[in-house]
1. Considering only protein heavy atoms and a probe of 1.4 Å, how much of the accessible area of the range 119-274 is carbon and sulfur, as a whole percent?
2. Out of Asn287, Asn136, Asn101, any idea which swings most in a Gaussian network model of the chain, alpha carbons joined below 10 Å?
3. With each run of n ≥ 4 DSSP H residues scored as -39500 (n - 2.57), what mean residue ellipticity at 222 nm is computed for the chain after dividing by its residue count and rounding to the nearest 500 deg cm²/dmol?
4. What net charge do the residues around Pro144 carry, taking every other residue with its C-beta under 11 Å from that of Pro144, with Lys and Arg at +1 and Asp and Glu at -1?
5. Out of all DSSP beta bridges in the chain, what portion is antiparallel? Express it as a percent rounded to 5.
6. Which GluC sites (Glu not before Pro) does the range 181-273 hold that lie in a coil by DSSP with at most 13 other beta carbons within 10 Å?
7. Looking at the chain, identify the longest residue range that excludes and avoids all trypsin sites (Lys or Arg not before Pro) in DSSP loops having at most 15 other Cβ atoms within 10 Å.
8. Gain in length, Asp267 to Ile306, computed as 0.36 nm per residue apart minus the alpha-carbon separation, to one decimal in nm?
Amino acid sequence: MRGQSATIAAVVNAVREDRLWQHLMEIATIGATGRGGVNRQALTPEDAKARKRLLMWAAPRGFSASVDAIGNVFIRRPGQDATASPVLAGSHLDTQPTGGNFDGIYGVLAAFEVLEAASDAGVVTQRPLEAVVWTNEEGSRFQPTTMGSAVFAGALPLETALATTDTAGISVASALAETLQDLAIPQQRAFRFPIAAYLEAHIEQGPILEAAQQTIGIVSGIQGLRWFRIEVTGEEAHAGTTPRRIRKDAFVTAIRMVTALQELMYDEADTVRFTVGRFEVTPNSPNTVPSRVLFTIDLRHPDAAILIRLGDQIEPMCRAQAHGCGVSVVETLNSPPIAFDPAIRDLLRKAAAHHALPHMDIVSGATHDAKYMVDLCPSGMLFVPCRGGISHNEAEYAAPSDLAAGAKTLAEVMLELASNHP
Ligand code: GLV
Ligand code: MN
Ligand code: MN
């Protein structure tokens, strides 16, 4: 019988850069925009198709699939002990409307690559190994972001998630029903089933690793995030006949609010992240004074106290700028900064060092499903560099060798955790 370190080495060696890249490029064809990126938003037919492609690869391997009530999909490679909790790793397959080919997809396919490598190496782990596809991580079609993992972890009620609608009025409930019908996975999974450990591999989505010429980022934590939905209500009026002093122009009012907020959020150190990503004007006609504007705020900071202080000023500041218009401010997400498990970070660091991969500690500026897993089990993340730090952009790119290095590091840690039975 092989010792544990030989077993782990066999799996790490069986991780294949070419296969991982091929899988990434195949998923990249689903929802491809023709400009190098993808539009595969959550719970669309394209999202279902990408998940089905993964199921298609899993079946001949003898991996089983299960799905929970928010559509999170789990692919399982059994271990020796069927009663042991699995070592879980994954991310998401949904994308931004102008998304890249790596954000999220890499984490799912790297986890799947570990399952395949374990099979190719003929290794039997004590614990099952599982790859997960979380539903609606991006939050571009349905808000908030990281919906599937939030519901799984009990941080967001299922009913609230199901009732959420997109801009066309389609609910998560109805889009999910179609996706589930399409996937046709008979095995149901409960929320919050016992998990031994959770890992997520991801492209960095920022410029730090590339600039420092490091291959692996050991993620220490994720900065905090608050989302707001602001609706400004004015009054439609004729653009040619209505004097300025009697207008209730929702657009001009919203611009005033955004300008005031932009000033409030300014910090010399450039640590605050403040984004107005959606701005909808109604009726959006050249010769009618706008009666309604809906805009969103994405506010992030690594310091919990600063995030609270800044976020809590948004509503009063909008009200102060409303003048004659109505304003409603709804907070749709409040997610404080989190820290990953020191023992998992240590394992990741050791694995990177073991394979002579340059590595450094890094804080995640982007949010990830892993943030909800910290409450359920020891959790951690690793990053690999992406070109120019570009992400949420069709030009997103990561080198095949870096992606494979991350998958090998992931394999080492997953195997370590899966072989150590309770
Ligand atoms: C995830 O896509 C995020 O917004 O950080
Ligand atoms: Mn992501
Ligand atoms: Mn993203």
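1. Carbon with sulfur: 51 percent of the solvent-accessible area.
2. Judging by the Gaussian network model, the answer is Asn287.
3. Helix contribution divided over all residues of the chain: -11000 deg cm²/dmol.
4. -2
5. Roughly 65 percent of the beta bridges in the chain run antiparallel, per DSSP.
6. Glu268
7. 36-191
8. 12.9 nm
The values are calculated or read from the model by the stated rules, or taken from the named source; none is laboratory data. Since the structure is predicted, the reported quantities are computational estimates derived from the model, not experimental observations. Every residue, glycine among them, receives a Cβ derived from its backbone with ideal geometry; neighbour counts consider all protein chains shown. Surface accessibility is based on the protein's heavy atoms, side chains included, excluding ligands, DNA and RNA. Shrake-Rupley method; radii C 1.70, N 1.55, O 1.52, S 1.80 Å.
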